[in-house]
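The values are calculated or read from the model by the stated rules, or taken from the named source; none is laboratory data. What you see is a predicted model, and the numbers here were worked out from it, not measured in a lab. Methodologically, a virtual Cβ is constructed for each residue, glycine included, from the backbone with ideal geometry; neighbour enumeration extends over all protein chains shown. Just the protein is used for accessible areas: all its heavy atoms, side chains included, with ligands, DNA and RNA removed. Shrake-Rupley method; radii C 1.70, N 1.55, O 1.52, S 1.80 Å.
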Amino acid sequence: MKMMTNLFSVFDPSAIFGLSLNWLSTFLGLLMIPSIYWLMPSRFNIFWNTILLTLHKEFKTLLGPSGHNGSTFIFISLFSLILFNNFMGLFPYIFTSTSHLTLTLTLALPLWLSFMMYGWINHTQHMFAHLVPQGTPAVLMPFMVCIETISNVIRPGTLAVRLTANMIAGHLLLTLLGNTGPSMSYLLVTFLLVGQIALLVLESAVAMIQSYVFAVLSTLYSSEVN
């Protein structure tokens, strides 16, 4: 029990003079990213703009005819925020805000609520029809309504938990490998470093994939209410 407490303590916010300033790392992108666009065009600037343009085209396709150029902006911003915080958490001594449900549920729940309110107010018949898939037998319709309602209600929870669980899992593995280093021989430490580097590369891929999945699923939920 004590070992588990020590492991998960790496995710606890630390306080300085009684104030917890760790959550401010979430907004460091507001200070760092905009400064790129004031500089001369660089490779990173061109690469980042290419990613944003690709995401804009994909999200616009997912939104369908109801989507317009401005509707993809919120999902691109969501992708950028989560991606930045996922990568920031891979650096030493930087608080990983996306490993807490406080942040992920704060992002997922308002989005889902706004989609549901918009759909039920403006497209009520479509929302009722969405509860019963086409071709469902009359006997199974009450059960399908319950199943579809439950699957719809848990969407913000699954969005938040998926992101949080993936970030926690990788950081726990890195913490476990790091804690075993002092008790190993020099030869084993070499293999341990190689393993940690490989795991860090894997975590970088997970950081990108999870931010993309979060943004894409949010886009799909938005397209369903139109």
Which shape class applies to the range 78-168: rounded if a/c is under 1.5, otherwise prolate when a/b exceeds b/c and oblate if not, where a ≥ b ≥ c are the square roots of the Cα gyration tensor eigenvalues?
prolate
Suppose R0 equals 35 Å. What FRET efficiency, 1/(1 + (r/R0)^6) with r the Cβ-Cβ distance, do F91 and T158 give to the nearest 0.05?
0.80
How much of S114 can a 1.4 Å solvent probe reach, expressed as accessible area in Å² and rounded to 10?
60
Length gained if T102 through T149 is fully extended, taking 0.36 nm per residue and subtracting the Cα-Cα distance, is 14.5 nm
Once R0 is set to 30 Å, what does the formula 1/(1 + (r/R0)^6) return for the Cβ-Cβ distance between T26 and V132, expressed as a FRET efficiency to the nearest 0.05?
0.15
Computed FRET efficiency, Cβ-Cβ of T50 and L192, R0 41 Å: what is it to the nearest 0.05?
0.65
